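Input: one structure, supplied below.
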Amino acid sequence: MLRTKNLTFEYIRRDEEGNVEGITTAVDDVNVSVNRGEFIAILGHNGSGKSTLAKHFNALLYPTEGTVTVDDMDTKDAAHLWDIRREAGMIFQNPDNQIIGQIVEEDVGFGPENMGIPTEEIWARVDESLQTVNMTEYRKSSPNRLSGGQKQRVSIAGVLAMHPKCIIMDEPTAMLDPRGRAEVIRAARALNEVEGITIILITHYMEEVIHADRVFVMDKGKIVMQGKPKEIFSRVEELQDLRLAVPQVTLLAHELRKRGVALPEGILTREELVECLRR
Ligand code: ADP
Ligand code: MG
């Protein structure tokens, strides 16, 4: 559904006269593809190029070199711009910047309304979207009164109401407390498992990626690791070299293994560790 071919993106800084002062290669020759219905997590420390890559997936940015296609539509092709934006919705870090309605249901209905969907259909979509993110009981509330996790779920419902095939979430839990984070991740998994929506989750919380189908790890604009969570988390030392914190349980298992305890690499959950230790 999404594919990048030799994607490179440069931010060009200019002085007041318009002379080039500096160039940052934020994405550097990236080749990735995402299949329909996949749950992809993108990891990488600050400045590794995750947001820049993500913005190419719904044509918020265009390649300096290479190509990006969404359902075989080239994002550079202006004729497809709105089809692409409709297919791939985006959720950002700060829910306060994404909510515009005075009432939850109104906010969720905003996207489909702008798309020219008939009123009756809008309400049906609002109902269904709020249900999916488990926010129906707040439909008449003012977004101001909600917690961060609830606001973020309202933002997700708003994107969902546009019936996208893919939702890109750029650190949607970065500003949330642990409970809000859990709520948002649960909603993301439900969208993927129940609705079959392709999810791309950017995060630096390792615990949030263990359920992904595949993980991309970025460093200095490049994809440096790619694989199933188990494969990625078997490479503890490489992850640490990339300044990424591996899940505590994985780290504990890795340390025990180094000290001679017979354990497989890539243990991701406490249950798995307990199970392996019992054997
Ligand atoms: P991440 O999301 O992984 O933190 P970004 O994609 O935001 O990484 O940034 C990648 C690189 O591009 C960084 O070096 C960052 O400083 C630079 N960058 C990001 N946005 C801009 C911008 N608007 N103008 C110039 N440089 C930018
Ligand atoms: Mg970012």
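Rule-based calculations on the coordinates, nothing more; no lab input. Note that the structure is a prediction, hence the values are computed from the model and not measured. Here Cβ is always computed from backbone atoms with ideal geometry, including for glycine, and neighbour counts include all displayed protein chains.
For the residue pair residue 8 and residue 62, what label-to-label distance in nm results when each label sits 7 Å from Cα along the Cα-to-beta-carbon direction?
For the pair residue 8/residue 62, the computed spacing is 1.8 nm.
To the nearest 0.05, how large is the calculated FRET efficiency for residue 45 and residue 23 if R₀ is 22 Å and r is the Cβ-Cβ distance? Walk me through the intermediate numbers first.
Values: r = 21 Å, r/R0 = 0.96.
My answer for the efficiency is 0.55.
Using a simple spin-label model with points 7 Å from Cα along the Cα→Cβ vector, what separation in nm is obtained for residue 238 and residue 115?
3.9
Shifting gears a bit: Below 14 angstrom from the Cβ of residue 140, what's the summed charge of the other residues (Lys, Arg +1; Asp, Glu -1)? Don't skip to the answer; put the middle values down first.
Working: positive: 139, 145; negative: 105, 106, 107, 127, 137.
After counting each charged neighbour, the total is -3.
Oh, and also: Looking at the chain as a GNM with Cα springs under 10 Å, which of 257, 189, 36 has the largest mean-square fluctuation?
Highest fluctuation among the options: 257.
Alpha carbon centre of the range 79-134 versus the range 137-189: separation in Å?
Using only Cα atoms, the two centres lie 12 Å from each other.
Another question, if that's okay. Separation of the range 29-45 and the range 60-78 by C-alpha centroid, Å?
16
A further question on this structure: So what is the relative contact order for the chain, in percent, with contacts set as C-alpha pairs under 8 Å and at least six apart?
On the way: 533 pairs, mean separation 58.7, N = 279.
It rounds to 21 percent for the chain.
A further question follows. May I ask you to list the GluC sites (Glu not before Pro) in the range 16-88 that are in a DSSP loop and have at most 15 other Cβ atoms within 10 Å of their Cβ?
Values: sites: 16, 17, 21, 38, 65, 87; in loops: 16, 17, 38.
Here the sparse-neighbourhood loop sites are 16, 17.
Once the mean 1/r over all distinct Cα pairs of the range 2-229 is inverted, what Kirkwood radius in angstroms do you read off? Could you put the intermediate results ahead of the total?
Numbers: mean 1/r = 0.0552 Å⁻¹.
Hydrodynamic radius (Kirkwood, Cα only) of the range 2-229 equals 18.1 Å.
Taking the number of other C-beta atoms within 10 Å as the exposure measure, put 244, 2 in order starting with the fewest. It would help to have the intermediate numbers written out before the result.
Numbers: 244 19, 2 25.
In increasing order of surrounding Cβ atoms, one gets 244, 2.
Turning to a different aspect of this structure: Just tell me which lysines come within less than 20 Å, Cα to Cα, of residue 258; anything on the same chain fewer than 8 places away is out.
The qualifying lysines are 230.
Using a 10 angstrom cutoff on alpha carbons, build the Gaussian network for the chain and name the most mobile of 156, 202, 91.
Per the Cα network of the chain with a 10 Å cutoff, 91 tops the list.
Here's a follow-up. What distance in nm lies between label points placed 7 Å from Cα along the C-beta direction at residue 15 and residue 258?
Distance between the two pseudo-spin positions: 4.9 nm.
Also, I was wondering about something else. Please give the length that would be gained between residue 174 and residue 274 if that part of the chain were fully extended, namely 0.36 nm times their separation in residues minus their C-alpha to C-alpha distance (nm, one decimal). Don't skip to the answer; put the middle values down first.
Values: separation 100, 0.36 × 100 = 36.00 nm, distance 2.95 nm.
Computed gain between residue 174 and residue 274 is 33.0 nm.
Can you tally the net charge around residue 60? Count Lys and Arg as +1, Asp and Glu as -1, for every other residue whose Cβ sits under 12 Å from the Cβ of residue 60.
Working: positive: 55, 85; negative: 170.
Local net charge: +1.
Please state, as a whole number in µm²/s, the translational diffusion coefficient that the Stokes-Einstein equation yields for the range 63-110 at 4 °C and 1.567 mPa s, with Rh defined as the Kirkwood radius across alpha carbon pairs.
Numbers: Rh = 13.1 Å.
Answer, rounded: 99 µm²/s.
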